[in-house]
Amino acid sequence: MAKQYIEKGLLVPDHVITRLMMSELENRRSQHWLLDGFPRTLGQAEALDKICDLDLVIILNIPFETLKDRLSRRWIHPPSGRVYNLDFNPPHVHGVDDITGEPLVQQEDDKPEAVAARLRQYKDVAKPVIELYKSRGVLHQFSGTETNKIWPYVYTLFSNKITPIQSKEAY
């Protein structure tokens, strides 16, 4: 069901993504989670509140044009799921998968017009979620355009807030 929306460059509706995520997270109650891109809406945040208390929320403030450019330059190899970016992870031969030699495709939701529309929609919908987590004191924001410049700050936050998990082999 989600695929139908994604292929059209639309955000997956709350009821679809919430049902999917709650089902997955309920099955992982005894585990630690790192969620990327969820919750995006207040409805999703409220559903998540029913099964857990978040201890850390991070938002990366990246300029609109940077996001649009990066997402618009993404190409995939559908059978394997391999993702290429023409700027920082290009295929050896343009338009061709490095492993199989099969053609790469740009999904509809990665085309510039769809990316711009999706980012505008996301910004409007996410604002109340950001405010919610800010009011709870769990939101941490980082700004920038380059992963290698933002990551050290995120890593330091993780290191100071999250106790390292010991593997079962260590016991």
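The values are calculated or read from the model by the stated rules, or taken from the named source; none is laboratory data. As the structure is a computational prediction, the values presented were derived from the model and not from experiment. In this analysis, Cβ positions are derived from the backbone assuming ideal geometry, glycine residues included, and neighbour counts consider all displayed protein chains. In case anyone asks, the SASA skips ligands and DNA or RNA and just uses the protein heavy atoms, side chains included. Shrake-Rupley method; radii C 1.70, N 1.55, O 1.52, S 1.80 Å.
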So what's the back-of-envelope 222 nm ellipticity for the chain, counting only DSSP H runs of four-plus at -39500 (n - 2.57) apiece and dividing by all residues, rounded to 500? -14000 deg cm²/dmol
Relative contact order of the chain (C-alpha contacts under 8 Å, at least 6 apart) in percent is 28
Quick one: putting +1 on the C-beta of Lys and Arg, -1 on the C-beta of Asp and Glu, what dipole do you get for the chain around its Cα centre, in Debye to the nearest 20? 340
Regression test value, accessible area per residue of segment 1-106, probe 1.4 Å, units Å², expected 66
Using Cα atoms only, what is the angle between the long axis of helix 112-135 and the major principal axis of the chain, expressed in degrees (0 to 90) to the nearest 10? 10
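Normalised by the number of residues in segment 75-171, what is the relative contact order in percent for Cα pairs under 8 Å and 6+ residues apart? Mind showing how you got there, number by number?
Details: 47 pairs, mean separation 14.0, N = 97.
Relative contact order comes out at 14 percent.
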Once the Cα atoms of helix 14-26 and of the chain are each reduced to a long axis, what angle between those two axes, in degrees from 0 to 90 to the nearest 10, is obtained? 60
With a 1.4 Å probe and all protein chains left in place, how much of the accessible area of the chain comes from carbon and sulfur atoms, in whole percent? 54
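Looking at the chain, what % of its DSSP beta bridges pair antiparallel, to the nearest 5? Working shown, then result.
Details: 8 of 13 bridges.
Around 60 percent antiparallel, to the nearest 5.
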Taking K127 as the anchor, which lysines have their alpha carbon closer than 20 Å to its alpha carbon, excluding any fewer than eight residues away along the same chain? K68
Estimated distance in nm for a label pair at Y5 and D124, the labels positioned 7 Å out from Cα along Cα-to-Cβ: 1.5
